[in-house]
Number of protein chains: 2
Amino acid sequence: MSEGEPGADVRRDANRTMSKLAIGVLASGSGTNLQSIIDAVEAGRVPAEIRVVLCNRPGARALGRAKAHGVPCELVDHKTFPSRELFDERVVAVLQERGVELVCLAGFDRLVSPPFVAAFPNRILNIHPALLPSFPGLHGQRQALEYGVRIAGCTVHFVDQKTDHGPIVIQAAVAVLDDDTTESLTARILAEEHRIYPEAIRLYAEGRLRIEGRHVRIVDPPAGNGSLANPTPRC
Amino acid sequence: MSEGEPGADVRRDANRTMSKLAIGVLASGSGTNLQSIIDAVEAGRVPAEIRVVLCNRPGARALGRAKAHGVPCELVDHKTFPSRELFDERVVAVLQERGVELVCLAGFDRLVSPPFVAAFPNRILNIHPALLPSFPGLHGQRQALEYGVRIAGCTVHFVDQKTDHGPIVIQAAVAVLDDDTTESLTARILAEEHRIYPEAIRLYAEGRLRIEGRHVRIVDPPAGNGSLANPTPRC
């Protein structure tokens, strides 16, 4: 079974888990999830190297955060492309040129096209501010408040061809309070996002995520003693 | 604003909160949620009196549980009615004859018809084994497992004219484990159901639930010192 198909083993090649995971982070806005990833990488909590922060909006704070931490960044302004396909072609080219293994969408406000997903099969993560499958699409926090749920949360998932749909890696729940505003609920969810996104990237970097149909299994780390051969046979 | 409309104050009349809440429990199967309600009432944790356990299946264990605790019960076998409307008419009649203020669906496997809902506006609670709006309908636990969520749960909500849709009173979340089966996840969710359903009934009985649009607010208990006049003006 090859990577990208349902049931694919998305663990990193055992020979590569010696090295840091090459990630690319795509952001459009303030970049707080980007910041949580930068912080986790800098602190050594995630064995990854951010090869590029790619941003589609010239004024985004995410760009400043990358520069402040000496992380390579690149502006690919979607407004300068005549179509989503051409924009995505350029984004994919940048990521491939930088040798990115795992793409992390972090508040990226463009839908990714099927060719983009196909270029990184089971190698794109996204974070969504709701307990999927509840409240997909824009403004998950506001949708949750308007619906009147008592428990909201966030989801890190692999990206597939449907929006906010791919296999789920981690979710976190937060209580909704009677006096919550969109802002207060968003802040409480964001705190959990900043915890679970680096955690999901760490698990991927350690070769511990395995997709089986719609399920992501978290498997044991590769055997120790310097040997990274994977004790579990691939399917 | 009258009861039954969106924004209605569903708190019990202040003059009635002196007395125990008259509830009717509708069950079809093993009746474990019924048991949790019986236990909570018997232990004095919920100021309610179960006026009737109404069951639509002759062999249901729920009937035996009611009898074992001396709780009035009645079999209304849906198979003996030519239509859902006539069945529901009989169910409503039984509940009204018994003076039921609040109807608690507890594993009741019939959809309630619009006239039934209209007969008890904002006075029917249901418990659903999923974090609504995720996984409405049958087998919420299995749906959650098949989808691959990391967090499942249960929901107590008021019943409105759409299935598994009305305003939410309480939700509880449980982790989904990698080795969960439908049975193990169902058991973990059930433990939370048994906690939150009596809690929701207690809040209703104490006059502390208020529906505002899709939102259920949990308000302070009526003033103490023996006075049960409600300090908050009705809208």
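Could you grab me the full set of residues in the stretch B:199-217 that are open to solvent by 40 Å² or more (accessible area, probe 1.4 Å), more than 8 Å from every other protein chain (Cβ to nearest Cβ) and either part of a loop (DSSP other than H, G, I, E, B) or under 12 Å from residue B:102 (Cα atoms) (or both)? Within the stretch B:199-217, B:202, B:206, B:208 meet the criteria.
Give the number of residues within the stretch A:32-59 that are open to solvent by less than 80 Å² (accessible area, probe 1.4 Å) and either in a strand (DSSP E or B) or modelled with pLDDT under 95 (or both).
The initial filter retains those residues of the stretch A:32-59 that are open to solvent by less than 80 Å² (accessible area, probe 1.4 Å), namely A:32-41, A:43-44, A:46-48, A:50-57, A:59.
Now drop any that are not either in a strand (DSSP E or B) or modelled with pLDDT under 95 (or both), which leaves A:48, A:50-55, A:59.
The number of residues fulfilling the criteria is 8.
Scanning the stretch B:176-189 for residues that are touching a strand residue (DSSP E or B) at 6+ places or on another chain (Cβ under 8 Å) and assigned to a helix (DSSP H, G or I) returns B:185, B:188, B:189.
Annotation: residue A:163 fulfils all but one of (1) closer than 25 Å to residue A:60 by Cα; (2) modelled with pLDDT of 95 or more; (3) among the polar types (S, T, N, Q); the unmet one is (2). Every test in (1) of a type outside the set (Lys, Arg); (2) within 14 Å of chain B (Cβ to nearest Cβ); (3) outside any helix (DSSP H, G or I) is passed by residue A:145 save one, and that test is (3).
Could you identify the single residue in A:86, A:125 that is away from chain B (no Cβ under 13 Å), hydrophobic (A, V, I, L, M, F, W, C) and in a strand (DSSP E or B)?
Matching residue, one of A:86, A:125: A:125.
Out of B:81, B:108, B:135, one residue alone is among the hydrophobic types (A, V, I, L, M, F, W, C), open to solvent by 10 Å² or more (accessible area, probe 1.4 Å) and within 14 Å of chain A (Cβ to nearest Cβ). It is B:135.
The values are calculated or read from the model by the stated rules, or taken from the named source; none is laboratory data. Just so it is clear, the model here is predicted, and its values are computed rather than measured. Note: ideal-geometry Cβ built from the backbone for every residue, glycine included; neighbour counts use all protein chains shown. These accessible areas exclude ligands, DNA and RNA; they are computed on the full protein's heavy atoms, side chains included. Shrake-Rupley method; radii C 1.70, N 1.55, O 1.52, S 1.80 Å.
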